[in-house]
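Beneath this line is the structure, given in structure tokens, with notes to follow.
Computed from the coordinates by the stated procedures, all read-outs in this text should not be read as laboratory data. These numbers come from a predicted model, not from an experiment. Using ideal geometry, Cβ is built from the backbone for each residue, glycine included, and neighbour counts are taken over all protein chains shown.
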Amino acid sequence: MIVATTIAAVLLVVAAAAAVIRIALGPSVADRMVALDTLLFTGVAGLGVYIVRTGDTTYVPVLVVAILVAFIGTVVVGRYIEAETER
């Protein structure tokens, strides 16, 4: 299990780095929001990998709250972008 979680962690770091690059270089607000959402879900996945690796379920409520915040944030920014494009 340690090898699998280590590989997952390395891949998550690569995904997070790619998301940070897209946040910095994204030409539009939509690109930056998708990259920020990806970064947040990558962090949540990293927390999930930590939970699997250690077996400590203390952080499961944090995982659920972070996923809900990411979803609500995506909906809010999506509505904002939609309202701006209609103008």
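Entry note, segment 2-86: relative contact order of 30 percent, from Cα contacts under 8 Å with a spacing of 6+ residues. Computed from Cα positions, the angle between helix 2-25 and the longest principal axis of the chain comes to roughly 20 degrees. First check a/c for the chain, with a ≥ b ≥ c the square roots of the eigenvalues of its C-alpha gyration tensor; if it is under 1.5, answer rounded, and if not, answer prolate when a/b is larger than b/c or oblate otherwise. Note, shape of the chain comes out oblate. Summed over qualifying helices (DSSP H, 4 residues or more, each -39500 (n - 2.57)) and divided by its residue number, the chain shows a 222 nm mean residue ellipticity of -31500 deg cm²/dmol. Here segment 39-65 is scanned for amide nitrogen atoms under 20 Å from the site 7 Å beyond the Cα of residue 20 along Cα-to-Cβ, giving 39-50. In this label model, residue 8 and residue 67 are separated by 1.3 nm, measuring between points 7 Å along each Cα→Cβ vector. Helix 60-86 and the long axis of the chain differ in direction by around 20°, with both axes built from C-alpha atoms. Spin-label model, residue 52 to residue 79: label points 7 Å out along the Cα-to-beta-carbon direction sit 3.5 nm apart.
Between the Cα long axis of helix 29-54 and the first principal axis of the chain there is an angle of about 10°, rounded to the nearest 10.
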